[in-house]
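One structure is given below, encoded as structure tokens.
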Amino acid sequence: MLTGDFDARVRAFSHPVLLLGDGGHVLALNEAFRRAFAVAGEPEDLVERLEWLGPLLASADDLGSAPAEVVTAEGRFQVLGVPVAAPEQGAGLLIFAPAVSRPDPSAQLFNAIPDPACLIDRESLVILDANQAFLDQFADAGNPVGRHCFEITHGSDKPCPNQHCAVQQAVESGRQERAEHFHTGPEGGELIIEAIARPVGPGKTVLYCLRDVTECHRSREQIRNLANYDPLTGLPNRVLFMQRLDAAIERAGTGRGRVAVMFLDLDRFKGINDTLGHAVGDRLLLGISQRLVECLRRVDVIARVGGDEFVVILPELKDDDEAEAVADRCLKRLAEPFDIEGQEVYSTVSIGLACFPDDGQEGEALLKNAEFAMYQAKEAGRNTCRRFCLEHNAGAVERLVLETGLRHALENGELFLQYQPQVLAADGRWVGMEALCRWQHPYLGLVPPMKFIPVAEQSGLIVEVGTWVLEEACRQAAAWQQLGLPPMRVGINLSGGQFRAPGLVETVAGILERTGIDPGQVELELTESMLMEQGGSVVELLVQLKSLGAHLAIDDFGTGYSSLSYLKHFPINRVKIDRSFVKDIETDADSAAIVAAIVAMAHSLGLEVIAEGVETQPQLDFLREQGCEQIQGYLFGKPMGTDDFVQAWRQSAGADRQAVSSG
């Protein structure tokens, strides 16, 4: 691929020029070539337009050593092949010059070469001729002709060793050779110069071209650093850490000691960031990384793998006690205060240890188990170290793992929604759906809602999670409507944490406006217990939500403490009968009586009724007999991802469901 700078230099030649790729095909041509040979079109069309060009390209590899002469309708031209200093830009140039009577036609073309170039006697290494770019580059050294090349290019009185000299390598091999040299630039900085040498003709001459590739090397180094190192601390990142961990495990497998992984997580770092600012937080992270390096052995490897997470490889251990000794040093050193901008900042760490081969046979397993051990250290009171033990305090560790993972789940795209259809009990037509939150954890897989929702509520994360669910469900429903799918109401659960948090009405209004969904197609579901806990203020809040145009429903109805007299004060649209009553209506008379009473009570208040958890035809038949308007459950569809839901939705449209028609 041509860079803009290189392409511009090729096109700026005063002589006609072709840039060739591997195999002699034409990559580019300049305007001088188009004018000289009256051609237009793309480079790949030239061979068809110019009959003499095909044979010339076939012998292009020989043109550097023996310039050719071609006779065209436009006149006679001398053609010289010149190698390109950067292989990614092409294989070489063909430079055309009007033929003149000169003993050495190649000398006429030197000034057309964009990079410094000279002709060198292969035996004496004396410069025979030089182009203008070479003269400009080494102007301070004086006239180079008749002097040794190393005297001009390296400022030395001795030639370079053969293994570093492209000229001498080209003389020995008889073919083109490359080498790189380090030079001091005009301002004292280091330059990297690529040298290309190629024997010319049957005589004793070598064509020598130079190019400054410093920026190219710097770009490659920057890319490598970004891929393997943390930009804040300069420590290896997770990618490089895992490579080195795998190598350490492989060496340990050959009997070269044991390996341990130490996982460190700062205690209450979020509080420092929130109160003192991210700049102080970054300074603290730098200070911690420096102290950790001081505590480690020469063979240890430290990396930063998260915002406030560091990991260490402890290779070549004699026993596990040696790893614990390193951890103790880290705990003591990091417990000392940090002086940041004249302010004392205290920060401790919790450390988890996992040892190969007892706690894991592979790098990923060892790292994961060290992280679990770190959670055990936090559960033990923080500022301590724990060795991995799966049985010890497993429940508390799981809660900590879920809470920590949930904090990153949104930003990492681990949360997603599934949708379950809601249908008319009379004919099975799809009229609504409920949005259900799911979590795909990178280690634990699909985490059931019954596990992570309570953790979200206890940790206060439920507000952030619930807001994301509300916006994502509205966005998706609006997108489906824009695709031409029939409008369906989407039910979205509001948590107690969201209901209690200030600004709920403003949050819902903002989401409705941003997503562009019809508010009438949104149903907010609240539980009985949430309404009862809020007291008299709940009615005002429900009125404000309903004024936005959204529908309101009481979810899991029958499990709370609502009375008929209390329920009539709430501005709701319908109730959802809890699945715990629906599942037993075929066999339990009390459950059937409760369901019948709920339907009758709701209808007396002018409310619709939907039953969830419907899985059998007898359950459907009973609910239809009671006058329940809508159904939700596996009988009509399980929760599905967006693609599967749309496919099932389209299949259901216009299709008669056997479960309904048999009633």
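Residues of the range 320-356 being of a type in the set (A, V, I, L, M), more than 31 Å from the chain's Cα centre (by Cα) and closer than 13 Å to ARG386 by Cβ, which ones?
ALA323, ALA327, LEU331
Show the residue pairs meeting these rules: Cβ distance below 8 Å; 6+ apart or different chains; first residue within the range 434-456 and free of Cβ contacts under 8 Å to residues at least 60 places away in the same chain and closer than 29 Å to HIS551 by Cβ; second residue part of a loop (DSSP other than H, G, I, E, B) and open to solvent by less than 10 Å² (accessible area, probe 1.4 Å).
Pairs that qualify, where the first residue is free of Cβ contacts under 8 Å to residues at least 60 places away in the same chain and closer than 29 Å to HIS551 by Cβ and the partner is part of a loop (DSSP other than H, G, I, E, B) and open to solvent by less than 10 Å² (accessible area, probe 1.4 Å): there are none.
Of the conditions (1) modelled with pLDDT under 80; (2) buried (at least 21 other Cβ atoms within 10 Å of the Cβ), PRO202 clears all except one; give me its number.
The one condition PRO202 does not meet is (2).
Give the residues of the range 237-293 that are part of a helix (DSSP H, G or I), polar (S, T, N, Q) and surrounded by fewer than 16 Cβ atoms within 10 Å (Cβ to Cβ), sorted by residue number.
GLN243, THR275, GLN290 - these are the residues of the range 237-293 that are part of a helix (DSSP H, G or I), polar (S, T, N, Q) and surrounded by fewer than 16 Cβ atoms within 10 Å (Cβ to Cβ).
Filter the range 487-523 down to the residues that are touching a strand residue (DSSP E or B) at 6+ places or on another chain (Cβ under 6 Å) and open to solvent by 30 Å² or more (accessible area, probe 1.4 Å), then identify the one that is nearest to GLY466 (Cα to Cα).
That would be ASN493.
Quick test for you: out of GLN476, GLN440, pick the one residue that is over 17 Å from LEU504 (Cβ atoms) and either open to solvent by less than 10 Å² (accessible area, probe 1.4 Å) or not in a strand (DSSP E or B) (or both).
Step by step, each of GLN476, GLN440 is checked, and only GLN476 is over 17 Å from LEU504 (Cβ atoms) and either open to solvent by less than 10 Å² (accessible area, probe 1.4 Å) or not in a strand (DSSP E or B) (or both).
Which pairs have Cβ atoms under 8 Å, sit 6 or more apart or on different chains, and link a residue in the range 276-298 that is free of Cβ contacts under 8 Å to residues at least 60 places away in the same chain to one that is in a helix (DSSP H, G or I) and open to solvent by 70 Å² or more (accessible area, probe 1.4 Å)?
CYS295/ARG329
Taking the residues in the range 479-512 that are modelled with pLDDT under 95 and among the small types (Gly, Ala, Ser) as candidates, determine which candidate is nearest to GLN418 (Cα to Cα).
Here the answer is ALA479.
If you check VAL312 against the conditions, is it β-branched (Val, Ile, Thr) and either open to solvent by 40 Å² or more (accessible area, probe 1.4 Å) or over 32 Å from the mean Cα position of the chain (by Cα) (or both)?
no
Let me confirm something: among ALA365, ALA323, which residue is part of a helix (DSSP H, G or I) and touching an Asp or Glu at 6+ places or on another chain (Cβ under 9 Å)?
One residue alone meets the criteria, ALA365.
Quick check on the range 320-335: of everything there that is acidic (Asp, Glu) and without any contact (Cβ under 8 Å) to a residue 24 or more places away in the chain, which residue is most open to solvent (accessible area, probe 1.4 Å)?
By that ranking, first place goes to ASP321.
Residue by residue through the range 318-361, note down the ones that are hydroxyl-bearing (Ser, Thr, Tyr) and touching a helix residue (DSSP H, G or I) at 6+ places or on another chain (Cβ under 7 Å).
Result: SER347, THR348, SER350.
Going through GLN176, GLN169 one at a time, which residue ends up being of a type in the set (S, T, N, Q), in contact with a Lys or Arg (Cβ under 8 Å, 6 or more places away or on another chain) and open to solvent by 30 Å² or more (accessible area, probe 1.4 Å)?
Result: GLN176 is the single residue among GLN176, GLN169 that is of a type in the set (S, T, N, Q), in contact with a Lys or Arg (Cβ under 8 Å, 6 or more places away or on another chain) and open to solvent by 30 Å² or more (accessible area, probe 1.4 Å).
The rows are residues; the columns are (1) part of a helix (DSSP H, G or I); (2) within 30 Å of ARG429 (Cα to Cα); (3) in contact with a Phe, Trp or Tyr (Cβ under 9 Å, 6 or more places away or on another chain).
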| position | (1), (2), (3) |
| --- | --- |
| TRP468 | yes, yes, no |
| LEU485 | no, yes, yes |
| PHE499 | yes, no, no |
| VAL543 | yes, no, no |
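Filter the range 399-410 for residues that are open to solvent by 40 Å² or more (accessible area, probe 1.4 Å) and either under 30 Å from PRO487 (Cα atoms) or among the hydrophobic types (A, V, I, L, M, F, W, C) (or both) and give the result.
Residue satisfying the conditions is LEU410 alone.
Let's see how each residue does on (1) over 21 Å from MET374 (Cβ atoms); (2) of a type in the set (D, E, K, R):
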position	(1), (2)
GLY234	yes, no
ASP267	no, yes
GLY271	no, no
VAL299	yes, no
ASP321	no, yes
LEU331	no, no
ASP339	yes, yes
GLN343	yes, no
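Taking the range 115-146 as the search range and keeping residues that are among the β-branched types (Val, Ile, Thr) and open to solvent by less than 50 Å² (accessible area, probe 1.4 Å), which one is farthest from LEU210 (Cα to Cα)?
Checking each candidate, the answer is VAL126.
Name every residue in the range 272-315 that is in contact with a strand residue (DSSP E or B) (Cβ under 9 Å, 6 or more places away or on another chain) and among the polar types (S, T, N, Q), in order of residue number.
SER289
The values are calculated or read from the model by the stated rules, or taken from the named source; none is laboratory data. Just so we're clear, the structure is a prediction, and the values are computed from it rather than from any experiment. Note: ideal-geometry Cβ built from the backbone for every residue, glycine included; neighbour counts use all protein chains shown. With ligands, DNA and RNA removed, areas are computed over all heavy atoms of the protein, side chains included. Shrake-Rupley method; radii C 1.70, N 1.55, O 1.52, S 1.80 Å.
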